[in-house]
Every structure is written in C-alpha cells, then in structure tokens.
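So the structure is just underneath, and the comments pick up after that.
The values are calculated or read from the model by the stated rules, or taken from the named source; none is laboratory data. Bear in mind the structure is a predicted one, so any value in this text is a computation, not a measurement. Positions of Cβ are backbone-derived with ideal geometry, glycine not excepted, and every protein chain shown enters the neighbour counts. Heavy atoms of the whole protein, side chains included, go into the accessibility calculation; ligands, DNA and RNA do not. Shrake-Rupley method; radii C 1.70, N 1.55, O 1.52, S 1.80 Å.
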Amino acid sequence: MKISIIIPAHNEQDNIEDLVNKVQRSLDVPYELIVVNDHSIDDTRRIAEELSRKYSNIRLIDNKLDKGFANALKTGFRAAEGGVVLPVMADSCDDLGTVREMFSKINEGYDIVCASRYMKGGLRIGGSRFKGFSSSFVGRSLYYLIGLPTHDISNAFKMYRRTVLDSIDIQSKGFEVSMEIPLKAYYLGFKMTEVPTVWRERTKGKSSFRIFRLTGSYFKLYAWAIFKGLMR
C-alpha cells in the first residue's frame, strides 16, 4: 500500500527543499510526494518544480481554490493516488521518524493514526506557550471527556486511510481542518489510535498560523465534539 504525502506550501522557499530532501533520505516505505503550492508569491513554486524534475516520485500541483491550509489539503487529497494519505508540514516541524510506526498501525487495521505530542513519549519543543497550552488542553480534555483515542487532536500530522477522507465533507477553511476530519471520522465509527512524536518549532520562514483568528473555529469543533459525545 502506497502513502501519499501531502505538503501544503505557502511561501516556504526557505524550507521546501530541505523537507523534500529529508523525506527522500528518511522514508523506506512506498510513497508519492505531492507539493501543493498554495498561492505562494516567493520562489516556492520554482523550487518545488525543480525538485519534481529531480525526483520521479514528486508531483507539484497548484491550489486553484481560495488560499488557505484547508483548501491546499483538499487539493492534495483529490490528487492523491495512494491508499493512505499523510499531511506533512512544509516547515519540517514534523518528525519523519514517526512515519514507520504510523504506517505499521495502519497495517494493523487502524483507519487514522495520530502523531501525538502529548501522550507518553511525545514532546513539543519550542513555539508559543499559549498555543502549546491550548492544543494540549483541547486534546487531553477530549480524551477524557468523550473517550477520543488521542491526546493530540489538533496536530496536523495524522495518517488516514483514503476511505476516511472520502467519507468526510470538509467544511473548514483553515488549520482547524486537522481537528475537523478526525473528529467527524471518530463519530462515523472509524478506528483511531495514536503514536508518540516530537514536534519542533520552525527555524526558518514565517508561519501563517494565527491562533487568535482561529479560536472561534476551534471552539465550535470542540463544543460540537463534546455535545455529540454527551448525546451518544
């Protein structure tokens, strides 16, 4: 079974080549790599195009929907050819060493495997303390309140069977999509688990994630998940 790795990239000229080279060096499982250029105005597209000529398993596609993380992911999902899909952040914050264990869990029969910073063995290094506290609180509280089988629901670094993505009507516009998909899949009965991972704050480039702009969207999903859980 092949993994489709989706890399949404908005103005990531300082990071995209390093990440692609890391993927090529690190992974020994069957995979394709799809770089989704999300309306970049720097050299991201040019660099990714050069990498697609260098490596035969890389494709570059443009997000023709409105700019944004969720639309970039949806564009990548539609283009994916693998039976398993894995979003990876372009800034190299995700630990590629986790991929093998995630794929092993898929092969055990799980539909979603969440890379968790907040379970035993996981770690979050750097970044905003407020964002760290918020994501930890949301993940841990849903774990205990509704029995969600992950401590880290908001992390984008998750591996999905293609059947999961085909079953979800994605409504999100931004980064909250990483919470929407697994929550909806959980309530549809898909089998979910988690493995520990180490997340590191980016060292180059500027993140487009803005926690205060997204607080409302995250809260709506959080409240919906609790209400849904209490009504079961």
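Key figures for this structure:
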{"item": "Any hit, the range 42-56, residues being open to solvent by 20 Å² or more (accessible area, probe 1.4 Å) and touching a Ser or Thr at 6+ places or on another chain (Cβ under 7 Å)", "result": "no"}
{"item": "Filter result (farther than 24 Å from Asp18 by Cβ and part of a loop (DSSP other than H, G, I, E, B)) within the range 93-128", "result": "Gly109, Tyr110, Asp111, Tyr118, Met119, Lys120, Gly121"}
{"item": "Qualifying residue in the range 30-48 (condition: under 30 Å from Gly109 (Cβ atoms), at pLDDT below 95 and acidic (Asp, Glu))", "result": "no"}
{"item": "Close pairs from the range 127-139: first within 23 Å of Pro182 (Cα to Cα), partner modelled with pLDDT of 90 or more and among the basic types (Lys, Arg), Cβ under 7 Å, at least 6 apart", "result": "Gly132/Arg124"}
{"item": "Residue under evaluation Met159, criteria (1) more than 27 Å from Asn15 (Cα to Cα); (2) modelled with pLDDT of 95 or more, criterion not met", "result": "(1)"}
{"item": "Hits in the range 163-180 (condition: without any contact (Cβ under 8 Å) to a residue 40 or more places away in the chain and farther than 15 Å from Val85 by Cβ)", "result": "Asp169, Gln171"}
{"item": "Considering residues of the range 200-232 that are surrounded by 12 or more Cβ atoms within 10 Å (Cβ to Cβ), part of a loop (DSSP other than H, G, I, E, B) and not polar (S, T, N, Q) only, the residue modelled with the lowest pLDDT", "result": "Phe209"}
{"item": "Residue count for the range 1-36, restricted to those that are among the hydroxyl-bearing types (Ser, Thr, Tyr) and under 15 Å from the mean Cα position of the chain (by Cα)", "result": "1"}
{"item": "Set Ser135, Ser141: member being closer than 22 Å to Leu86 by Cα, open to solvent by less than 60 Å² (accessible area, probe 1.4 Å) and of a type in the set (S, T, N, Q)", "result": "Ser135"}
{"item": "Criterion (in contact with a Phe, Trp or Tyr (Cβ under 9 Å, 6 or more places away or on another chain) and open to solvent by 50 Å² or more (accessible area, probe 1.4 Å)) met by exactly one of Ile153, Ile125, Ile112, Ile146", "result": "Ile125"}
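Conditions (1) out of contact with any strand residue (DSSP E or B) (no Cβ under 9 Å at 6 or more places or on another chain); (2) under 19 Å from Glu32 (Cβ atoms), marked per residue:
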| residue | (1), (2) |
| --- | --- |
| Glu81 | no, yes |
| Tyr110 | no, no |
| Arg129 | yes, no |
| Gly132 | no, no |
